[in-house]
Every structure is written in C-alpha cells, then in structure tokens.
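Enquirer: If you scroll down you'll find the structure; I have some questions about it.
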Amino acid sequence: MAECINCGDYTKFNGGLCFKCYKKENNGKEVAVAEKPKAKTKTKTSTSKVDKTKDIAAEKTKEVVSNNFNYNLTKGRIAETLIERLFVDLGFQVFQYGMENTIPGIKDLLRGVKDEVAMNIRRMPDLVVFKDNQAHFIEVKFRASGCFKLSDIDKNGDYPYQNALIVLMSKKHIKCISFEELQDGKEITESSRNYLGNRKEFDTDKEKIIEYCQYAVKFFEHV
C-alpha cells in the first residue's frame, strides 16, 4: 500500500502525499502567494509618502517666494510713504501717481501685455510733487546697500520719464539723482554726497530730512 511521505497515511501514489498533507501544502503555498501583494502595498505607500513630501516642499518653496515678494513690496511701500510725508512736511503738494493710483484696476488687464504703452504705464513714477509753480516726477526706491545706477531703472534704454527724479532711501540716508544724471554715468553710492537736501530743485529743509532719515533707520534697521 502506498504511503504518504509526510505522515505515512494511505495515498494513491508511492512517493506522494495523502489528501490531508496535500491540502496543507496547498494552503501553505496560498499563504505565501497572498503575502506578496502586501509587499507591493508597502511599496506604494512608501512612494506615496515621497510624493507627498515633494508636494509639501514645492508648497513651501512657493510660500517662500511669495513671502519674499510681499516683504520687498512692503519695504517699497514704507519708503514711498516716508518720502510722501517728507515732501508734505517740506511744504510741497504731493500727489500719488503710479499705475495703481492713477489707473485703478489696470494692473490685472496689463498682465502679459508687453507693448510700449503698457510698459510706460507700469513704469509711471510714484509721486508728483508741486511747489513754487514747479512740478516734479518722483520715483521712490529703497536699497539696503545705499547704491543705485542706471541699469536699476533702465535696463533696455527705453525709460520714458526722462525728467524724473529718483529718491533713494537706505538705512542711513535719503539721496536723490535725476534720470539725466544717471544717463551721464553718475550714480548713487554709499559714499556719494548726492543728498536730497542738496538738490537745487527743492531748496529743502535739511533738518527735516535728517529727521526722516532717523525714521528710516528705525524702520529698516533689521533689513
């Protein structure tokens, strides 16, 4: 009589397994096969975590870029407000110019538009100041370095406001240079003496300018 090679019970074939042992062997194989999908599931979960980490990193990068943009925008707005108030205190009539003040809502319409008119609108000076029957375009800039050159405002040689004055606020000084002077190769540096109080166009109160320089130091000391 043929015997099972595992348990010795009756089997139909010599060297084979009885039904009971055969069933056990099959069950064992099924379990082994069933475990494989679990390994695949773990792999998918791991991949999913990697993708999620990438998404989080991408979102953080966008947030940093957005925060930097907002930070720079805030610095510019503070500088513009200080210069606006300074000219008011110096006895000038001050008018907010610029794209957003003069043509509200056009910023979104001009998005992606690069023709000459659109570019000129975008570069409208920030302020117009008026005193003693004279008006001046004022472009306000902030630079922590205290430096400003022609390429900072006119990279392509097509700046439309040739008679504009650039008022530069830094952490220590308020300086001023005309666009024409920039075209002639002059520039504002840390050591240059082109202070706002020295401009013949304004006949300004130097003590008042020093007062506003002190405000700038307080606002921008950590920049």
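Enquirer: Report, please, the projected area of the stretch 167-223 averaged over directions, based on the convex hull of its C-alpha atoms, in nm².
Expert: Details: hull surface 16.8 nm².
In nm², the orientation-averaged hull projection of the stretch 167-223 is 4.2.
Enquirer: May I pose another question? Please give the contour-minus-distance gain from Lys107 to Asp205: 0.36 nm per residue of separation, less the Cα-Cα distance, rounded to one decimal in nm. Could you put the intermediate results ahead of the total?
Expert: Working: separation 98, 0.36 × 98 = 35.28 nm, distance 3.62 nm.
Between Lys107 and Asp205, full extension yields 31.7 nm more.
Enquirer: For the stretch 78-220, what does the alpha-carbon gyration tensor say about shape, rounded, prolate or oblate, given a ≥ b ≥ c as the root eigenvalues, a/c under 1.5 as rounded, and a/b over b/c as prolate?
Expert: Values: a/c = 1.65, a/b = 1.39, b/c = 1.19.
Because a/c hits 1.5 or more and a/b exceeds b/c, the stretch 78-220 counts as prolate.
Enquirer: A follow-up question, please. May I ask for the distance between the Cα centers of the stretch 80-125 and the stretch 186-223, given as a whole number of Å?
Expert: Comparing the Cα centres of the stretch 80-125 and the stretch 186-223, I get a distance of 22 Å.
Enquirer: Summing Lys, Arg as +1 and Asp, Glu as -1, what charge do residues with Cβ under 12 Å from the Cβ of Ser170 carry, Ser170 excluded? Let's see the in-between values first.
Expert: On the way: positive: Lys75, Lys141, Arg143, Lys171, Lys172, Lys175; negative: Glu190, Glu221.
The answer is +4.
Enquirer: What size of dipole, in debye to the nearest 20, comes out for the stretch 94-223 about its Cα centre when the only charges are +1 on Lys and Arg C-beta atoms and -1 on Asp and Glu C-beta atoms? Working shown, then result.
Expert: On the way: 20 positive and 21 negative charges, 78 e Å.
In debye, rounded to 20, the stretch 94-223 gives about 380.
Enquirer: Next up: How much length is gained if the chain between Asp89 and Lys186 is pulled fully straight, taking 0.36 nm per residue apart and subtracting their Cα-Cα distance, in nm to one decimal? Present the calculation step by step, with values, prior to reporting the outcome.
Expert: Numbers: separation 97, 0.36 × 97 = 34.92 nm, distance 2.88 nm.
Computed gain between Asp89 and Lys186 is 32.0 nm.
Just so you know, all these numbers are worked out from the coordinates, no wet-lab data involved. Predicted, not measured: the structure shown is a model, and the values here were computed from it. We place every Cβ from the backbone using ideal geometry, glycine too, and count neighbours over all the protein chains shown.
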